[in-house]
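**Student:** Before I ask anything, let me first share the structure, which is written out below as structure tokens.
The values are calculated or read from the model by the stated rules, or taken from the named source; none is laboratory data. On a predicted model such as this, the values are computed, not experimentally measured, just so you know. Don't worry about glycine lacking a Cβ; one is built from the backbone with ideal geometry, like all the others, and counts go over all protein chains shown.
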Amino acid sequence: MATLVLTQKLVNSLSCDDGVKKFTAFDKGCKNLVLEVNNTGRKTYYFRYQDTRGKTRQPKLSDANSITLKQARTLCDRFRSKLAMGEDPWETKAELKRVPKLETFIWESFLPFIKTYKRSWDTDQSLLKNHIVPTFGHLYMDQLNKKHVIDFIGKHLETHAPGSVNRVTILLRYIYNCAIRWETTGITKNPTNNIPLLEENNKKERFLSKEEAETLLGAIQKSPNKMLQYIVPMLILTGARKNEVLKAKWEDFNFEQKVWRIPMSKSGKARYVPLSDGVEQLLSNVPVFDDCVYVFPNPKTLKPYISFFHAWNTARKSVGLGDVRVHDLRHSFASFLVNAGRSLYEVQKILGHTQIKTTQRYAHLSQESLLSAANAVSNAVPIAHCLPNKTHEVQLVQIASQ
């Protein structure tokens, strides 16, 4: 190493001695400027400095055949000024290099994470593979902004229902929330913030009336699938999901405390469903199979049903209820609760909703019970007898004789 007062003529003439791989010269005429000459004749300008942690760094400025010494000194002065102002351009550049692309973060960090707790991770994987990664995956995570998201929503809405578009937006929002929570380099804000979800008018919700429920149960009794007469009432009486009922085990029921523990719910956590008198009566009549832990098994395999659609479809259509889906039995359970005067909080807890917003869809059902309650006052207080007699205000009309 040598310290020299560099001139353009000297820079042009410098070379390595025989047997030396490189020669380094510090410029006396410009602090921090370094010229490196290697044995191939290549000459390179560097900026040598100590970062905020005292570590010596030497980032490249340019090849000496691309810029003049004067230009190299100008660059050096500019970067020295930035350091004096507390800005380290190379630190910023290094940090930007550590910001992952969205597709890298999704496949290497986000998806492995949700697989550890989310039962429906395969649904998210489909949304990621078909929508998010093809659209945004090539971007670095700090490049994605609100305009990207808004443009996507507008274009996606041309071919997809609002609910489908919302699912993508919600998933993208969750991805960035995870990135921020995990302190991912360069990610300080969520590009989906303050972007409202679309109003969904395509939710298919069907509620059974008391009469329809009785009719459906009557049809189920006639089904060749003898377990259907227990499975369907269990769905109606508990509001449980289909797979929760099909995979129910006898060990999950505590009849002394009147509670059914569902070990793994949709949220990935255990939840508890109260056992009503009707449920207890139903379970007392369910046939018990030897060496079978399941409550509602396929009698032929003693394993949970993979599907009972054919038997279900035949039964519902036979009584004109072909539009009723299995999941509508869960909606109907909520409907019966609300119209019986139970609070949405109670409905939320029994159905296992993690957010009250999900339960709010049943709020309008309480109108029937509220109207009935209000009319009870009208029946108790016959206000017709209290109204003033206003017959004297009626204009008399003379009828001409024929």
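**Student:** Just give me the residues in segment 326-338 being surrounded by 15 or more Cβ atoms within 10 Å (Cβ to Cβ) and in contact with a helix residue (DSSP H, G or I) (Cβ under 9 Å, 6 or more places away or on another chain), in sequence order.
**Tutor:** Of everything in segment 326-338, those that are surrounded by 15 or more Cβ atoms within 10 Å (Cβ to Cβ) and in contact with a helix residue (DSSP H, G or I) (Cβ under 9 Å, 6 or more places away or on another chain) turn out to be Val326, Leu329, Arg330, His331, Ser332, Phe333, Ala334, Ser335, Phe336, Leu337, Val338.
**Student:** Within segment 186-197, is even one residue within 27 Å of Ser335 (Cα to Cα) and more than 12 Å from the chain's Cα centre (by Cα)?
**Tutor:** Yes, there is a match, as at least one residue in segment 186-197 is within 27 Å of Ser335 (Cα to Cα) and more than 12 Å from the chain's Cα centre (by Cα).
**Student:** Further question: Give me the residue from segment 168-184 that is in contact (Cβ under 8 Å) with a residue 24 or more places away in the chain and in a loop (DSSP other than H, G, I, E, B) and, out of that set, surrounded by the fewest Cβ atoms within 10 Å (Cβ to Cβ).
**Tutor:** Among them, the one singled out is Trp182.
**Student:** Six or more apart or on different chains, Cβ atoms under 7 Å: show the pairs whose first residue is in segment 108-121 and in contact (Cβ under 8 Å) with a residue 60 or more places away in the chain and whose second is surrounded by 13 or more Cβ atoms within 10 Å (Cβ to Cβ) and not in a helix (DSSP H, G or I).
**Tutor:** Here the result reads Tyr117/Gly268; Lys118/Gly268; Arg119/Met264; Arg119/Lys266; Arg119/Gly268; Ser120/Lys266, each pair linking segment 108-121 to a residue that is surrounded by 13 or more Cβ atoms within 10 Å (Cβ to Cβ) and not in a helix (DSSP H, G or I).
**Student:** Condition check: touching a Lys or Arg at 6+ places or on another chain (Cβ under 6 Å) and either crowded, with 20+ Cβ neighbours inside 10 Å or under 26 Å from Val338 (Cβ atoms) (or both). Does Ile262 satisfy that?
**Tutor:** The answer is yes for Ile262.
**Student:** Any idea which of (1) of a type outside the set (Lys, Arg); (2) surrounded by 15 or more Cβ atoms within 10 Å (Cβ to Cβ); (3) assigned to a helix (DSSP H, G or I); (4) under 29 Å from the mean Cα position of the chain (by Cα) is the one Thr358 doesn't satisfy?
**Tutor:** Answer for Thr358: the failing condition is (2).
**Student:** Among the residues in segment 159-178, are any among the aliphatic types (A, V, I, L, M) and touching a His at 6+ places or on another chain (Cβ under 6 Å)?
**Tutor:** So far as segment 159-178 goes, yes, one or more of its residues are among the aliphatic types (A, V, I, L, M) and touching a His at 6+ places or on another chain (Cβ under 6 Å).
**Student:** Restricting attention to segment 30-60, which residues are surrounded by fewer than 12 Cβ atoms within 10 Å (Cβ to Cβ) and outside any strand (DSSP E or B)?
**Tutor:** Within segment 30-60, Thr40, Gly41, Thr52, Arg53, Gly54, Lys55 qualify.
**Student:** While we're looking at this one, here's another question. Just the residues that are surrounded by fewer than 18 Cβ atoms within 10 Å (Cβ to Cβ), touching a residue at least 12 places away in the same chain (Cβ under 8 Å) and part of a helix (DSSP H, G or I), please, taken from segment 61-84.
**Tutor:** Passing the criteria: Lys70, Leu75, Asp77, Arg80.
**Student:** Every residue in segment 134-163 that is small (Gly, Ala, Ser), modelled with pLDDT of 90 or more and farther than 24 Å from Lys97 by Cβ, please.
**Tutor:** Gly154
**Student:** Is there a residue being of a type outside the set (A, V, I, L, M), at positive phi and part of a loop (DSSP other than H, G, I, E, B) anywhere in segment 209-229?
**Tutor:** Within segment 209-229 (the criterion being of a type outside the set (A, V, I, L, M), at positive phi and part of a loop (DSSP other than H, G, I, E, B)), the answer is no, since none of the residues qualifies.
**Student:** Taking segment 302-349 as the region of interest, how many residues are free of Cβ contacts under 8 Å to residues at least 24 places away in the same chain and basic (Lys, Arg)?
**Tutor:** Of the residues in segment 302-349, 4 are free of Cβ contacts under 8 Å to residues at least 24 places away in the same chain and basic (Lys, Arg).
**Student:** Quickly run through segment 268-308 and pick out the residues that are among the basic types (Lys, Arg) and in a loop (DSSP other than H, G, I, E, B).
**Tutor:** Selection gives Lys269, Lys300, Lys303.
**Student:** Is it the case that some residue within segment 107-126 is of a type outside the set (D, E, K, R), under 46 Å from the mean Cα position of the chain (by Cα), more than 30 Å from Arg167 (Cβ to Cβ) and surrounded by 13 or more Cβ atoms within 10 Å (Cβ to Cβ)?
**Tutor:** Looking for residues that are of a type outside the set (D, E, K, R), under 46 Å from the mean Cα position of the chain (by Cα), more than 30 Å from Arg167 (Cβ to Cβ) and surrounded by 13 or more Cβ atoms within 10 Å (Cβ to Cβ), one finds none in segment 107-126, hence no.
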